[in-house]
Amino acid sequence: MRLLALSALLIGSSLAHTTFANTETLNYNLANIQAEATRQVSNDEMHAVLFIEKNNKQPAELAAEINQLMNQAMTLGKKYPQVKVKTGSQNTYPVYDNDNRKLKEWRGRAEVNIESKDFKAASQLISELQQNFQTQSINFSVSDEQRNKVENELITEASKNFQQRAQLLSQAWNKPSYNLVTLNINTNRSYAQPVMMMQRAKFSSADSAGGMAQDVAAGESKITVNAEGSIQFK
């Protein structure tokens, strides 16, 4: 029994020594490095939200009126296969008098969401919809396809920048070479920065054949890939 206990103690001591040695080796001559690659990319996708608001004392009549206008919008959207058109949020709520006691009428609101890479077709559709709808917002972004393509290129560029900094650091510390310990690649997936926002913007229906009457620049978005990691000098 003592021999068994002694063997277990020796094995445990050996493992502890090995673990400590590995930890000591791993944490010796370590350096953390950050690098990134950035590119300005032209926005190639247009997003718009249009809405209708109607009042009626009869909720059933109000619902029927809004449904009719929404169905017309969906039918109109089919004329533009280059444009994605879908229904957004819809709400109906009561409207009371000034004393907030007596029900006066009902108010309904419904939204239509538009998305397209064809700015001309989208603006023409918006122009036609504005006969019944108001424009809540218009913004531009980089499409998923374009963003993925650029990010793949930036991953390579950020990795090369990381390697270049690792080599410079090795030279500065007079180290012949290094081993890569960890490396994390992070992409900046921010969609919350609209390039252009217009409240109740108007497109001239008379100019719909020629596109947008108002000059609008789609702008650019910044795409960034970060490379963060650590190296160990040899």
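The values are calculated or read from the model by the stated rules, or taken from the named source; none is laboratory data. Keep in mind it's a predicted model, so treat the numbers as computed, not measured. Every residue, glycine as well, gets a Cβ built from its backbone with ideal geometry; the counts of neighbours run over all protein chains shown.
Name the residues in the range 121-141 that are buried (at least 16 other Cβ atoms within 10 Å of the Cβ) and either out of contact with any helix residue (DSSP H, G or I) (no Cβ under 8 Å at 6 or more places or on another chain) or of a type in the set (A, V, I, L, M) (or both), would you?
The answer is Ala121, Ala122, Leu125, Ile126, Leu129, Gln136, Ser137, Ile138, Asn139, Phe140, Ser141.
List the pairs whose first member sits in the range 73-99 and is touching a residue at least 24 places away in the same chain (Cβ under 8 Å), whose second member is of a type in the set (Lys, Arg) and surrounded by 13 or more Cβ atoms within 10 Å (Cβ to Cβ), and whose Cβ atoms are under 9 Å apart, counting only residues at least 6 apart or on separate chains?
Partner pairs satisfying both residue conditions: Gly77/Lys84; Gln82/Lys117; Gln82/Lys120; Gln90/Arg109; Thr92/Arg107; Thr92/Arg109; Val95/Arg107.
Out of the residues in the range 140-182 that are assigned to a helix (DSSP H, G or I) and among the hydroxyl-bearing types (Ser, Thr, Tyr), state the one that is nearest to the chain's Cα centre (by Cα). Break it down stepwise before answering.
Start the filter on the range 140-182 by keeping residues that are assigned to a helix (DSSP H, G or I), which leaves 144-172.
Narrowing further to those that are among the hydroxyl-bearing types (Ser, Thr, Tyr): 156, 159, 170.
Values: Thr156: 21, Ser159: 23, Ser170: 37 Å.
If we take residues in the range 140-182 being assigned to a helix (DSSP H, G or I) and among the hydroxyl-bearing types (Ser, Thr, Tyr), then Thr156 is nearest to the chain's Cα centre (by Cα).
When Glu65 is evaluated against the numbered criteria (1) assigned to a helix (DSSP H, G or I); (2) farther than 22 Å from Glu128 by Cβ; (3) among the charged types (D, E, K, R), which criterion, by number, is the only one it fails?
Here Glu65 clears every test but (2).
What tally of residues in the range 75-107 results from selecting those that are of a type in the set (Lys, Arg), assigned to a strand (DSSP E or B) and exposed (fewer than 13 other Cβ atoms within 10 Å of the Cβ)? Give the steps one after another, and end with the answer.
Keep residues of the range 75-107 that are of a type in the set (Lys, Arg), which gives 78-79, 84, 86, 101-102, 104, 107.
After this cut, where a residue has to be assigned to a strand (DSSP E or B) as well, the list is 84, 86, 104, 107.
Those still in the list that are exposed (fewer than 13 other Cβ atoms within 10 Å of the Cβ) too: 86, 104.
Qualifying residue count for the region: 2.
Yes or no: the range 182-190 includes at least one residue that is exposed (fewer than 14 other Cβ atoms within 10 Å of the Cβ), at pLDDT 95 or above, more than 26 Å from Phe51 (Cβ to Cβ) and among the hydroxyl-bearing types (Ser, Thr, Tyr).
Yes, the range 182-190 contains at least one residue that is exposed (fewer than 14 other Cβ atoms within 10 Å of the Cβ), at pLDDT 95 or above, more than 26 Å from Phe51 (Cβ to Cβ) and among the hydroxyl-bearing types (Ser, Thr, Tyr).
Kindly list the number of the only condition in (1) among the hydroxyl-bearing types (Ser, Thr, Tyr); (2) within 27 Å of Ala121 (Cα to Cα); (3) at pLDDT below 95 that fails for Thr75.
Unmet condition: (3).
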